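Colleague: Before we start, here is the structure in question, set down as structure tokens.
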Amino acid sequence: MAIQWLWCGHDVYVVSSWDRSHAACTMLYHLLLQTVKTQQSAGVSPGQPHQLLYDVGNDKDVEKAVNDLSQAARGGSLYVIADEVIGSRFFRTVCDKLLTQVPDLHLWAACCFHENAPDCWQVEYLTRPLRSPPAVVREVEQADFITDGNVVKPYSERGVPDHTDGPPVTRLYHQGQGHSGRWPVDCVTCGRDVASFLHSLRVDVTENVATTGTTVTSSNGGTSPSYLQWRDVLVLHWHYVSVDSGMMKGLNEAGIPVRVMNDDDIEDVATARSDVVWVTNGYRVCGLERKVVVCLGEYASSRYYSMSRCTSQLVIVTI
């Protein structure tokens, strides 16, 4: 919808209402920037995208968001995209106030929790699993949010043929000789095991080779032989990962170019700019996807927040 608005010459505001949506909204913003550049090179004068980041925990940001967006309205019209929104007083209040201040409000928001929509707003449920292969979908749909909590709609039928089940989910185990620490993230041996598996996928090898039963296209979109790059891999945990953790030490020792994501890295991760393996909290990358996802542990929300980021090869390091 945002692209259509840009084509019509309208400025589009990409709004993030909390830290868990910053990455997704940053990715959307840069995708829209690329669309604008393409249109301009073709001699078209589209609207411009703008990115606005707010903090759901800061009451002052409610008024700031309303003021910023109300002032951005042109001729009474405003075009807003909000991804990974939270069903809190913040978002509901912003929506309600904008409705009273902007006569021609166009606001599209996406949220995984189906009961979070403001009252009286039109809602559509998108439940077809079109990104992840069936092998990954089967893991994700076991999430408590889906099976017990009734806060996330269950998957519906894909509606198109599955040409392949996808690479089998790989499980590595934090147990046995050489393993140390309570959790996989604390263990150097687990880091080495993950590194060995990534090397087995022939990551960053430019030969035309098959990887675990599937040929994976380079994320740069080029026409070179199919291969994985380091930027195609995410390592996700339920908490902050220290650069001095056992997992990081094991990956580094094995020659994996790996970095822990900090706040300053969100744009880099969202655009997959640096060819490195990023390690972070699964909550921090809601809305992003990678071909290979390594999930450190099968904790309560890992299936929903971490495993669902995977579009090809899922690796679970478990106890």
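Colleague: What number goes with the only condition from (1) assigned to a loop (DSSP other than H, G, I, E, B); (2) of a type in the set (A, V, I, L, M, F, W, C); (3) more than 26 Å from Val285 (Cβ to Cβ); (4) in contact (Cβ under 8 Å) with a residue 24 or more places away in the chain that Cys120 does not pass?
Modeller: Here Cys120 meets the rest and fails (4).
Colleague: Now for a different question. Of the residues that sit in the stretch 39-71 and are among the hydroxyl-bearing types (Ser, Thr, Tyr) and part of a helix (DSSP H, G or I), which one is farthest from Trp7 (Cα to Cα)?
Modeller: Taking the stretch 39-71 and keeping what is among the hydroxyl-bearing types (Ser, Thr, Tyr), we get 41, 45, 54, 70.
Subset that is part of a helix (DSSP H, G or I): 41, 70.
Details: Ser41: 13, Ser70: 22 Å.
Checked the stretch 39-71; the qualifying residue farthest from Trp7 (Cα to Cα) is Ser70.
Colleague: Say we look at the stretch 48-72 and pick out the residues that are small (Gly, Ala, Ser) and in contact with a Phe, Trp or Tyr (Cβ under 9 Å, 6 or more places away or on another chain); which of these is least open to solvent (accessible area, probe 1.4 Å)? Outline the logic, then answer.
Modeller: Filtering the stretch 48-72 for residues small (Gly, Ala, Ser) gives 57, 65, 70, 72.
Those left that are additionally in contact with a Phe, Trp or Tyr (Cβ under 9 Å, 6 or more places away or on another chain): 57, 65, 72.
Working: Gly57: 66, Ala65: 2, Ala72: 19 Å².
Here the residue is Ala65.
Colleague: Being free of Cβ contacts under 8 Å to residues at least 60 places away in the same chain, open to solvent by less than 30 Å² (accessible area, probe 1.4 Å) and of a type in the set (A, V, I, L, M) is the filter here, so list the residues in the stretch 83-106 that pass it.
Modeller: Leu98, Val102 - these are the residues of the stretch 83-106 that are free of Cβ contacts under 8 Å to residues at least 60 places away in the same chain, open to solvent by less than 30 Å² (accessible area, probe 1.4 Å) and of a type in the set (A, V, I, L, M).
Colleague: Same structure again: From the list Arg290, Arg273, which residue is more than 23 Å from Ile86 (Cβ to Cβ), in contact with a Cys (Cβ under 9 Å, 6 or more places away or on another chain), open to solvent by 20 Å² or more (accessible area, probe 1.4 Å) and of a type in the set (Lys, Arg)? Steps first, please.
Modeller: On the way: Arg273 fails: in contact with a Cys (Cβ under 9 Å, 6 or more places away or on another chain).
Checking each option against the conditions leaves just Arg290.
Colleague: Working only within the stretch 123-157, note down all residues that are assigned to a loop (DSSP other than H, G, I, E, B), over 18 Å from the mean Cα position of the chain (by Cα) and not aromatic (Phe, Trp, Tyr).
Modeller: Of everything in the stretch 123-157, those that are assigned to a loop (DSSP other than H, G, I, E, B), over 18 Å from the mean Cα position of the chain (by Cα) and not aromatic (Phe, Trp, Tyr) turn out to be Val123, Glu124, Gln142, Asp148, Gly149, Asn150, Val151, Lys153, Pro154, Ser156, Glu157.
Colleague: Sticking with this one: Pick from the stretch 181-201 the residues that are assigned to a helix (DSSP H, G or I) and either in contact with a Cys (Cβ under 7 Å, 6 or more places away or on another chain) or of a type in the set (A, V, I, L, M, F, W, C) (or both): which of them is surrounded by the most Cβ atoms within 10 Å (Cβ to Cβ)? Lay out the reasoning, then the answer.
Modeller: Taking the stretch 181-201 first, the residues assigned to a helix (DSSP H, G or I) are 184-186, 188-200.
Subsequent filtering for residues that are either in contact with a Cys (Cβ under 7 Å, 6 or more places away or on another chain) or of a type in the set (A, V, I, L, M, F, W, C) (or both) retains 184-185, 188, 190, 194-195, 197-198.
Details: Pro184: 29, Val185: 24, Val188: 20, Cys190: 27, Val194: 27, Ala195: 21, Phe197: 18, Leu198: 25.
Selected residue: Pro184.
Colleague: Can you tell me which residues in the stretch 110-122 are open to solvent by less than 60 Å² (accessible area, probe 1.4 Å) and more than 21 Å from the chain's Cα centre (by Cα)?
Modeller: So the first thing to find is which residues in the stretch 110-122 are open to solvent by less than 60 Å² (accessible area, probe 1.4 Å), and the list is 110-114, 116-118.
Of everything in the stretch 110-122, just one residue is open to solvent by less than 60 Å² (accessible area, probe 1.4 Å) and more than 21 Å from the chain's Cα centre (by Cα), namely Pro118.
Colleague: Let me ask another. For the condition farther than 25 Å from Leu126 by Cβ, aliphatic (A, V, I, L, M) and not in a loop (DSSP other than H, G, I, E, B), what is the one hit in Val14, Val36?
Modeller: On the way: Val14 fails: farther than 25 Å from Leu126 by Cβ.
Just one listed residue meets the conditions, Val36.
This table checks each residue for (1) at pLDDT below 90; (2) touching a Cys at 6+ places or on another chain (Cβ under 7 Å); (3) at negative phi; (4) β-branched (Val, Ile, Thr).
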{"site": "Gly213", "(1), (2), (3), (4)": "yes, no, no, no"}
{"site": "Ser219", "(1), (2), (3), (4)": "yes, no, yes, no"}
{"site": "Pro225", "(1), (2), (3), (4)": "yes, no, yes, no"}
{"site": "Asp244", "(1), (2), (3), (4)": "no, no, yes, no"}
{"site": "Gly250", "(1), (2), (3), (4)": "no, yes, yes, no"}
{"site": "Ile256", "(1), (2), (3), (4)": "no, no, yes, yes"}
{"site": "Arg259", "(1), (2), (3), (4)": "no, no, yes, no"}
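Colleague: Taking Thr26, is it part of a helix (DSSP H, G or I), among the β-branched types (Val, Ile, Thr), within 22 Å of Asp263 (Cα to Cα) and open to solvent by less than 40 Å² (accessible area, probe 1.4 Å)?
Modeller: Details: part of a helix (DSSP H, G or I): yes; among the β-branched types (Val, Ile, Thr): yes; within 22 Å of Asp263 (Cα to Cα): yes; open to solvent by less than 40 Å² (accessible area, probe 1.4 Å): yes.
Criteria met by Thr26.
The values are calculated or read from the model by the stated rules, or taken from the named source; none is laboratory data. What you see is a predicted model; the values in this text were computed from it and never measured. Using ideal geometry, Cβ is built from the backbone for each residue, glycine included, and neighbour counts are taken over all protein chains shown. Surface areas here come from the heavy atoms of the whole protein model, side chains and all, with no ligands, DNA or RNA. Shrake-Rupley method; radii C 1.70, N 1.55, O 1.52, S 1.80 Å.
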